[in-house]
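What follows is a short report on a single structure.
The values are calculated or read from the model by the stated rules, or taken from the named source; none is laboratory data. Note that the structure is a prediction, hence the values are computed from the model and not measured. When we count neighbours, we look across all protein chains shown, and the Cβ atoms used for this are built from the backbone with ideal geometry, even at glycine.
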Amino acid sequence: METQALKKEIIDYAISIGIDKIGFATAAPFTTLKARLIRQQELNYQSGFEESDIDKRTNPALLFDNPQSIISIALAYPTKMNKHVRGTKGERRGLFARASWGEDYHLVLRDRLSKLEQFIYSKMPDARCKSMVDTGELSDRAVAERAGIGWSGKNCAIITPEYGSFVYLGEMITNIPFEPDTPIENMCGTCNKCIEACPTGALVQPGQINAKICISYLTQTKDFLPDEYRSVIGNRLYGCDTCQIVCPYNKGKDFHFHEEFEPEPEVAKPLLKPLLKISNKEFKEKYGRVSGAWRGKKPIQRNAIIALGHFKDETAIDELSDVIRNDPRPVIRGTAAWALGEIGTEKAKQILTKAKIEEKDEDVLREIEVALAE
């Protein structure tokens, strides 16, 4: 089949299976990206979650024999809940970032890409394809930018004219030489709202992020959070939407095209106190299908404790007391000490004073001492 005709059929089929946007790019090395990644590595700005081999991240030929094209796909996700739940005094809630609402997007996009692969094979049996979503070697954003899905914004997100930056991305390398689409002009202009709004200053300049201090990264770590970032995390349990929310191109964007991405309010915005005692089994049953659960319950519990401290929630003192006395994990006990210090009532101080006598872990003892000194 002639590739131009096949390209049109692929586009039509993609739309029919719920792919909101599709673009085609060359499989040439990403030389500009490589230079940026080398600089990121020199500055120690990488999170550590990425593929460590920069050559693999920027040269499709190292991943696929004789690559000819890369197909990029995008699926839009909602930014508002159809059913609202609100936290109240004594019943405070945390928040998962919008990209973790609904079913894990890795699973959804892999399903769409798998269907797309099968369609291509049915039309061209000798075709070869390799798909990836987020955890693959290639940069989803670099592929999407080259394929004309959107431009790379100053907040390091792909911004599409239709859906703003609230899109999931995936791609497929193939040996079919499709005609590439034209990249979209960068429309950020002089706007710096995302950089100015970043809570930790992680957006160091347009298009460059220090991933190690981005709240999205910090909420996924498992160790003690540096003290200077605890106060800015607020009630975020996973991820951060600030640089997207303030973007003018995201104003009014809210798409409910895919049932899989519809959030369950009690999962996307859960009560905080029950999270402190949730078992592994309960956590897996309730949160196992969302992307924000990939690191397990420990980071979510730590962040829930920070949120309770942020709210200075006196009704959580008993739960925090139980944590500091009985939880076997030093990070969780120490973070509970910090939260009790933030609450700062006489009862909280009494709990900390007693915990100081019984605690053996040096890191936790430091947290207790700092909390008592406040």
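Within the stretch 88-102, track down each residue that is modelled with pLDDT under 95 and either part of a strand (DSSP E or B) or in contact with a Phe, Trp or Tyr (Cβ under 9 Å, 6 or more places away or on another chain) (or both).
Scanning the stretch 88-102 gives THR88, LYS89.
Among the residues of the stretch 124-153, count how many are of a type outside the set (Asp, Glu), assigned to a helix (DSSP H, G or I) and in contact with a Phe, Trp or Tyr (Cβ under 9 Å, 6 or more places away or on another chain).
Count: 3.
Restricting attention to the stretch 225-248, does a residue exist that is polar (S, T, N, Q), assigned to a loop (DSSP other than H, G, I, E, B) and buried (at least 18 other Cβ atoms within 10 Å of the Cβ)?
The answer is yes, given that some residue of the stretch 225-248 is polar (S, T, N, Q), assigned to a loop (DSSP other than H, G, I, E, B) and buried (at least 18 other Cβ atoms within 10 Å of the Cβ).
Identify, please: which residue in the stretch 276-292 is of a type in the set (A, V, I, L, M) and touching a residue at least 40 places away in the same chain (Cβ under 8 Å) and is, among those, nearest to ALA99 (Cα to Cα)?
VAL290
Of the conditions (1) hydrophobic (A, V, I, L, M, F, W, C); (2) touching a Pro at 6+ places or on another chain (Cβ under 7 Å); (3) outside the structural domain of SER291 (by TED's automatic domain parsing), MET187 clears all except one; give me its number.
With respect to (1) hydrophobic (A, V, I, L, M, F, W, C); (2) touching a Pro at 6+ places or on another chain (Cβ under 7 Å); (3) outside the structural domain of SER291 (by TED's automatic domain parsing), MET187 is out only on (2).
When you go through LEU308, LEU320, LEU365, LEU372 one by one, which is the residue that is in contact with a Leu (Cβ under 7 Å, 6 or more places away or on another chain) and either surrounded by fewer than 23 Cβ atoms within 10 Å (Cβ to Cβ) or in a loop (DSSP other than H, G, I, E, B) (or both)?
Residue meeting the stated conditions: LEU372.
Output the number of residues of the stretch 329-347 satisfying the condition of being under 28 Å from the mean Cα position of the chain (by Cα) and not acidic (Asp, Glu).
Residues in the stretch 329-347 being under 28 Å from the mean Cα position of the chain (by Cα) and not acidic (Asp, Glu): 11 in total.
Checking SER72 against (1) under 27 Å from GLU262 (Cα atoms); (2) surrounded by fewer than 13 Cβ atoms within 10 Å (Cβ to Cβ), which test does it fail?
Exception for SER72: condition (2).
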